[in-house]
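The values are calculated or read from the model by the stated rules, or taken from the named source; none is laboratory data. The model shown is predicted, which means the values in this text are computed figures rather than measured ones. Note that each Cβ is placed from the backbone with ideal geometry, even for glycine, and that neighbours are counted across all protein chains shown. Just so you know, the surface numbers come from the protein's heavy atoms only, side chains and all, with ligands and any DNA or RNA stripped out. Shrake-Rupley method; radii C 1.70, N 1.55, O 1.52, S 1.80 Å.
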Amino acid sequence: METTKKQGFFSKILNGIEKVGNKLPDPFILFSILAVSVIIASWIFSLFNASVIHPGTGETLAIKNLASGEGLQYILTSMVTNFTGFAPLGIVLAMMLGIGLTEKVGMLDYAIKKTIMKSPPAMLTYSVAFVGIMGNLASDAAMLLIPPLAAMVFYRVGRHPLAGLAVGYASSGAGFTANLFIVGTDTLLSGISTEAARIVDDSITVHPTDNWFFNIVSVFVLTFLAGFITSRFIEPRLGKYKGDSVEMDVEEEDPKAGKGFRNAVIAGLLYITVLIVAIAWPDSPLRGEDGKLVPSPFISGIVPIILFLFLTVGITYGVTVGKIKSGKDVAGYMAEAMKDMAGYIVLIFAISQFIAYFNWSNIGTWIAVNGAEFLTEINFTGMGLIIGYIIFTALMNFLITSGSAKWALEAPIFVPMFMQLNYHPAFTQVAYRIADSSTNIITPLMPYMPVVLSFMQKYDKKAGIGTLISLMIPYSISFLVVWIILILIFFYAGIPFGPGVTPFLN
């Protein structure tokens, strides 16, 4: 009875968050208002001659006034490039060209019915969570690929599609830092950590493998946690799905679908085989310096590589079942997929302006640096300071969503400071990573939130930002709390975070 009451109380809180969130203006209007707010804020900051010293470069950055003549020139001359140069826009559209084609020809629908749906129902949620967490092998692309596929799977097996979308987005977004393999994020962050550590000690190098053991354990812990939260909280709160049926369940199975799927799998395997041979080939252009795979052009080009994989299997399936008879059909299906993205493209115009204004004015840098300096003056010691730093970074995600940009700002402050307390730079990096990942899914600034929202609205037309955030809060808070507990276990048990890496320098 006590548990039921607690569930009811927590559910009421989430319902309240959803209600308040959905009363916010349409996302396009909301981000337009935020863009105007940044202009006003930059003017107020400039009245006080506010400035900040960048911890990495030592350069003094003044808050630039967007309401000035210079600011007006920037707004007018950058508006188009802010939109066209917004990196996630290209990733989203490129991915949806391939995914959209395979969906329009019916291959995804068939694959779900004949393969994924045969998975034991009890393991479905955990399978989605595991794939989502491991999805950062494909970098940010996982946040675009996994949520809609998970929603379709759940819908097909008679479970609420928003529960599938929720666990797919939560695992790929909040679980972004965990993986069984060394990925591009490890290399990127370790490079920044090394530069920050050498402010104190020129001999220190942070390697991409220095957080590997912690990341491996995190995969299994978060997979179980995501599955538990979905089954225990998310699905009971959503209840039975009563929305309009989507187009997937009205089509009869094509008699050639089985042959088409078989041919598509063969084509996909041939594509992957060629790719593996190309990577393994001596002096392969897909490898990085000294033959490394991380970083490498292969990792940097993972989005187009995945795009071509989807085009390969989609076209093969379409040709076999007779839905693709010419190149015109291929273009037509991809055009249909782009029509579904129209709302997202419109929304990105407003989001790109807001983020550009925030960066150009230096307000984000000012808040991040001054907030970090304030935290250093709290005079915490031991794990109290580490936990305080984790919470600080988790909150900073609401201002700066780029993990590498935020670490570039924070590392020169916190890495040297913690080194003075005898903490290893890789340990500080772990603390940063779990904080940065946990709140990815609840910040409205996350560039992929709008596209996930558009997927959600396929099943619930009334769903808004509040709906999505209320679904993500249980995952975000749970991931952060459990990750803090995990780092405490590693810390006090003396478990290495990576090969030879303990919390302390000596």
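General remarks:
- Dipole of the chain [Lys/Arg +1, Asp/Glu -1 at C-beta], most positive-end residue of TYR155, ILE355, ILE473: TYR155
- Cα-centred dipole magnitude for segment 402-506, charges only on beta-carbon of K, R (+1) and D, E (-1), debye, nearest 20: 320
- One decimal place: the segment THR273-LYS339 gains 20.4 nm when fully extended, by the rule 0.36 nm per residue minus the C-alpha distance.
- Exposed trypsin sites (Lys or Arg not before Pro) absent - longest run of the chain, DSSP non-H/G/I/E/B, at most 10 other C-beta within 10 Å: 24-239
- Extension gain (nm, one decimal) between GLN457 and THR57, 0.36 nm per residue minus Cα-Cα: 139.6 nm
- Ordering of 275-284, 163-172, 75-84, 353-362 by packing [mean C-beta count within 10 Å, highest first]: 163-172, 353-362, 75-84, 275-284
- Using a probe radius of 1.4 angstrom, the carbon and sulfur fraction of the accessible surface of the chain is 66%.
- Per residue, the chain exposes 45 Å² of solvent-accessible protein surface, assessed with a 1.4 angstrom probe and all protein chains in place.
- Along the chain, counting only GluC sites (Glu not before Pro) with a DSSP assignment other than H, G, I, E or B and at most 14 other Cβ atoms inside a 10 Å radius, the longest segment between sites is 60-250.
- Each Lys and Arg contributes +1 and each Asp and Glu -1, all at the Cβ; summed about the Cα centre of segment 192-350, the dipole is approximately 440 debye.
- Amide H to amide H distances under 5 Å link LEU505 with TYR423, HIS424, where only residues 5 or more positions off or on other chains count and H is placed in the peptide plane.
- Cα-Cα over 30 Å, subset of LYS104/LYS462; LYS256/LYS328; LYS104/LYS242; LYS240/LYS406; LYS64/LYS406; LYS242/LYS323: LYS240/LYS406; LYS242/LYS323
- Extension gain for the segment LEU399 to LEU488, taken as residue separation times 0.36 nm less the Cα-Cα distance, is 29.3 nm to one decimal.
- Between 0 and 90°, nearest 10: helix 382-396 axis offset from the chain longest Cα axis: 60
- Assuming charge only on the beta carbon of Lys and Arg (+1) and of Asp and Glu (-1), the dipole of the chain about its Cα centre is about 1580 debye to the nearest 20.
- Under a 5 Å amide H cut-off, with hydrogens placed 1.01 Å from N, ILE53 pairs with LEU61 among residues at least 5 apart or on other chains.
- Gap separating the Cα centres of segment 418-490 and segment 279-347, nearest whole Å: 28
- Toward the positive end of the charge dipole of the chain, with +1 on the Cβ of Lys and Arg and -1 on the Cβ of Asp and Glu, the farthest Cα among PRO416, PHE31, THR60 is that of PHE31.
- The residue list LEU188, PHE45, THR443 was ranked by how far each Cα lies along the charge dipole of the chain toward its positive end, using unit charges on Cβ atoms, and THR443 comes out on top.
- Label sites at MET383 and ASN370, each approximated as a point 7 angstrom past Cα along Cα to Cβ, lie 3.4 nm apart.
- With contacts taken as Cα pairs under 8 Å at a separation of at least 6 residues, the chain carries a relative contact order of 26 percent.
- Projected label points at VAL80 and ILE216, each 7 Å from Cα along the beta carbon direction, are separated by 5.3 nanometres.
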